[in-house]
Amino acid sequence: MEKRFMTGNEAIAEAAIQAGCKHFFGYPITPQSEIPEYMSKRLPEIGGVYLQAESEVAAINMLFGAAGAGGRVMTSSSSPGISLMQEGISYLAGAELPCVIVNIMRGGPGLGGIQPSQSDYFQATKGGGHGDYHLLVLAPHTVQEAVSLTMEAFYLADKYRNPVMVLGDGYLGQMMEPVKFEKATTHGELPTKEWILTGAKDRPPRVIKSLYLDPEALEKHNLRINRKIHEMIKSEVRVETYLVEDAEIVIAAFGTVARIAKTAIKALREKGVKVGLVRPITVFPFPYKTFEEITERVGKVLVVEMNLGQMLEDVRLGVCGKAEIRFYGRTGGMVPTYDEIAIEVEKFARERR
Amino acid sequence: MQIELEKIFERPRTLRPVTTHYCPGCGHGIVARLLAETIDELGIRERTVGIAPVGCSVLLYNYLDVDMYEAAHGRAPAVATGCKRVNPKLVVFSYQGDGDFASIGTAEAVHVAARGEKITTIFINNAVYGMTGGQMAPTTLEGQKTTTSPLGRNLDQTGYPIRMAELLTTLDGAAYIARVSVNNPKSIIQAKKAIRKAFETQIRGLGYSMVEILSQCPTAWHLSPIEATKWVEEKMKPYYPLGEFKTPEEG
Ligand code: SF4
């Protein structure tokens, strides 16, 4: 298969189209504007619709309408824009509408900056909007992986009738790499959408809503959503372990940082430091088990993030006191270099338990 | 001997045989009926999708026998847009109150019209927040007492009531804009005509259409149903003049 040289943002957009996305609603924001730009050119070519909304608030609600009408739909934004979408994301989850939301994170809080960051981890994995729900969150670390996970995201959204987020950062969005577009062969059959609004012809009317005024009914509804979340936890956890077999210390990192960590690990291994990597690919559901298992034999875990310690909390839950944990984070758009990470590993390795 | 009686009046097919939760004398119930009649007459029930707002009419999906969404507060025009763009064959309408359309959702309201989105908005203006218990609305009149303007709306402090019909008329994407009322039989007949024209504008693909309906809210106005119809006539109509502001023929 032919490889194409593309930025992460363009590759995500093309992957979405190849996954059957025909409707995109969005609002420009750095560092992800190449996604709407690409969509505005490509979607009309395939008979789809690109629509620039008046705001992220409107864009996410257009997704609500479009998903409810049965479209395969996507939006993309970056941190401040994703904050604006939280209301709509909560409604999408409440109404069980499938859609894909791409967050190419930049530094915050507030307007923050436009350089890469991972500081929306909490927002992405713990809810973000109001109410009892979770997004399924996929965190690619290369452009190629961004392609496969974006395609996967549409399948998972339909499978669970739940919004799925692709969580990248400005680095991944802007970086160019050769990529292949291959459809996954592992996807099962999806049920026909018996709930979409097409006009009440030869059937009783359907309603798409998240309102249940009777608390008993709302509890029942929420428990049903929760069962889907538990099904995701059971079936969808994805994690990469890298050189952990003989490791005495492991780095825990996701996305771009994990990729930089791999370079650090190669350099460290040449020097004889036995270090490996645990890289959550799904940050929700989080691979707690992998951390549980690995800390049976590894005593030290270094968490590295482009934030001030967010995934760190999940790693702590997984490790559950069985290993020493250290944290190294850069924030505000600063990207840790591989030698910074290597220095932290060596420092930690020298520490006595 | 059996007498054959001709049926000359019945419940519209699109109006479900259920009791609404609206207060006695409320205008919402009348509008629901007009909508149902229009949908029946145009023969579009099986391809109509409605969007209910947040407010007194949040349960509209229980009254109309069509596919419906329940949208977030103010976002119905965006939801309508998403739906229509996926399936342009549908007839899509949003049903919104004054808090929804003229306050929290003004950005969506202005832009759906600016885009000339081929949807229809039924905008209920009763100059008050009914469902939350009678607070000041963006359309509350000068001097009108509400629970958050207890001494009467003071324009110095709160600014001026918004005339949505006039505002949207300035936008090129808006094809049909009218203001009607439902406070007496004659007005109701005119309201029905406007609703029908709005839907026809959409079906003919001419652009965005909106009907603003001055509607009585006896409960939050603390008036009897009869007094409420007079209040529409005497207080609301001078500030919110009725009429067709824009029709497709005039461009
Ligand atoms: S509060 Fe007013 S608008 Fe709401 S149902 Fe009662 S009369 Fe109608």
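The values are calculated or read from the model by the stated rules, or taken from the named source; none is laboratory data. As the structure is a computational prediction, the values presented were derived from the model and not from experiment. All Cβ positions, glycine included, derive from the backbone under ideal geometry; neighbour counts span all protein chains shown. Ligands, DNA and RNA are stripped out before the accessible areas are found, and what is left, the full protein with its side chains, is counted by its heavy atoms. Shrake-Rupley method; radii C 1.70, N 1.55, O 1.52, S 1.80 Å.
For the stretch B:234-251, the candidate set comprises residues that are closer than 15 Å to residue B:140 by Cα and part of a helix (DSSP H, G or I); within that set, the residue that is nearest to the ligand (Cβ to nearest atom) is B:236.
In the stretch B:145-174, the qualifying residues are those that are of a type in the set (Asp, Glu) and not in a loop (DSSP other than H, G, I, E, B), and the one that is most open to solvent (accessible area, probe 1.4 Å) is B:156. Taken as a whole, the condition of being in a loop (DSSP other than H, G, I, E, B), modelled with pLDDT of 95 or more and either in the same structural domain as residue A:12 (by TED's automatic domain parsing) or at negative phi (or both) does not apply to residue A:218. Residues that are under 20 Å from residue B:62 (Cβ atoms), small (Gly, Ala, Ser) and more than 13 Å from the ligand (Cβ to nearest atom) occur in the stretch B:94-117; there is at least one.
Among the residues making up the stretch B:72-87, those that are open to solvent by less than 10 Å² (accessible area, probe 1.4 Å) and at the interface with chain A (Cβ under 7 Å from one of its Cβ atoms) are B:72, B:78, B:79, B:80, B:81, B:82, B:83.
Considered as a group, the residues in the stretch B:57-71 that are more than 14 Å from the ligand (Cβ to nearest atom) and surrounded by fewer than 24 Cβ atoms within 10 Å (Cβ to Cβ) include one that is nearest to the chain's Cα centre (by Cα), and that residue is B:70.
In the stretch A:191-209, the qualifying residues are those that are open to solvent by less than 60 Å² (accessible area, probe 1.4 Å), of a type outside the set (Val, Ile, Thr) and under 29 Å from the mean Cα position of the chain (by Cα), and the one that is farthest from the other protein chains (Cβ to nearest Cβ) is A:193.
Might you let me know whether the stretch B:237-244 holds any residue that is among the hydrophobic types (A, V, I, L, M, F, W, C), buried (at least 24 other Cβ atoms within 10 Å of the Cβ) and more than 27 Å from residue B:132 (Cβ to Cβ)? Scanning the stretch B:237-244 turns up no residue that is among the hydrophobic types (A, V, I, L, M, F, W, C), buried (at least 24 other Cβ atoms within 10 Å of the Cβ) and more than 27 Å from residue B:132 (Cβ to Cβ).
Within the stretch A:120-143, identify whether any single residue is of a type in the set (Asp, Glu) and open to solvent by less than 30 Å² (accessible area, probe 1.4 Å), and answer yes or no. For the stretch A:120-143, residues of a type in the set (Asp, Glu) and open to solvent by less than 30 Å² (accessible area, probe 1.4 Å): present.
Within the stretch B:88-97, one or more residues are within 9 Å of another protein chain (Cβ to nearest Cβ), touching a residue at least 12 places away in the same chain (Cβ under 8 Å) and under 11 Å from residue B:51 (Cβ atoms). Residue A:212 meets the conditions (1) hydroxyl-bearing (Ser, Thr, Tyr); (2) touching a residue at least 60 places away in the same chain (Cβ under 8 Å); (3) within 14 Å of chain B (Cβ to nearest Cβ) in every case but one. The failed one is (2).
Elements of the type strands (runs of 3 or more DSSP E) sitting completely within the stretch A:2-93 and holding at least 2 residues that are open to solvent by less than 10 Å² (accessible area, probe 1.4 Å) and touching a residue at least 40 places away in the same chain (Cβ under 8 Å): these cover A:23-26, A:73-77.
Evaluation of residue B:25 against the conditions (1) more than 14 Å from chain A (Cβ to nearest Cβ); (2) within 30 Å of residue B:230 (Cβ to Cβ); (3) free of Cβ contacts under 8 Å to residues at least 40 places away in the same chain; (4) not hydrophobic (A, V, I, L, M, F, W, C) shows that the sole unmet condition is (3). Take residue B:123 and decide whether it is open to solvent by less than 30 Å² (accessible area, probe 1.4 Å), more than 10 Å from chain A (Cβ to nearest Cβ), in contact (Cβ under 8 Å) with a residue 24 or more places away in the chain and within 26 Å of residue A:49 (Cα to Cα). Taking the combined requirement at face value, the residue does not satisfy it.
Here's the yes/no breakdown for (1) in contact with a helix residue (DSSP H, G or I) (Cβ under 8 Å, 6 or more places away or on another chain); (2) within 14 Å of chain B (Cβ to nearest Cβ); (3) among the charged types (D, E, K, R):
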| site | (1), (2), (3) |
| --- | --- |
| A:13 | yes, no, no |
| A:16 | yes, no, no |
| A:20 | yes, yes, no |
| A:24 | yes, yes, no |
| A:27 | yes, yes, no |
| A:39 | yes, yes, no |
| A:45 | no, no, yes |
| A:53 | yes, yes, no |
| A:58 | yes, yes, no |
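Scanning the stretch B:35-56 for residues that are within 15 Å of the ligand (Cβ to nearest atom) and among the aliphatic types (A, V, I, L, M), we see that the one that is most open to solvent (accessible area, probe 1.4 Å) is B:54. Residue B:209 passes every criterion in (1) small (Gly, Ala, Ser); (2) away from the ligand (no atom under 16 Å from the Cβ); (3) assigned to a helix (DSSP H, G or I) apart from (3). Please enumerate the residues belonging to the stretch B:19-34 that are more than 10 Å from the ligand (Cβ to nearest atom) and assigned to a loop (DSSP other than H, G, I, E, B). B:19, the sole residue that qualifies.
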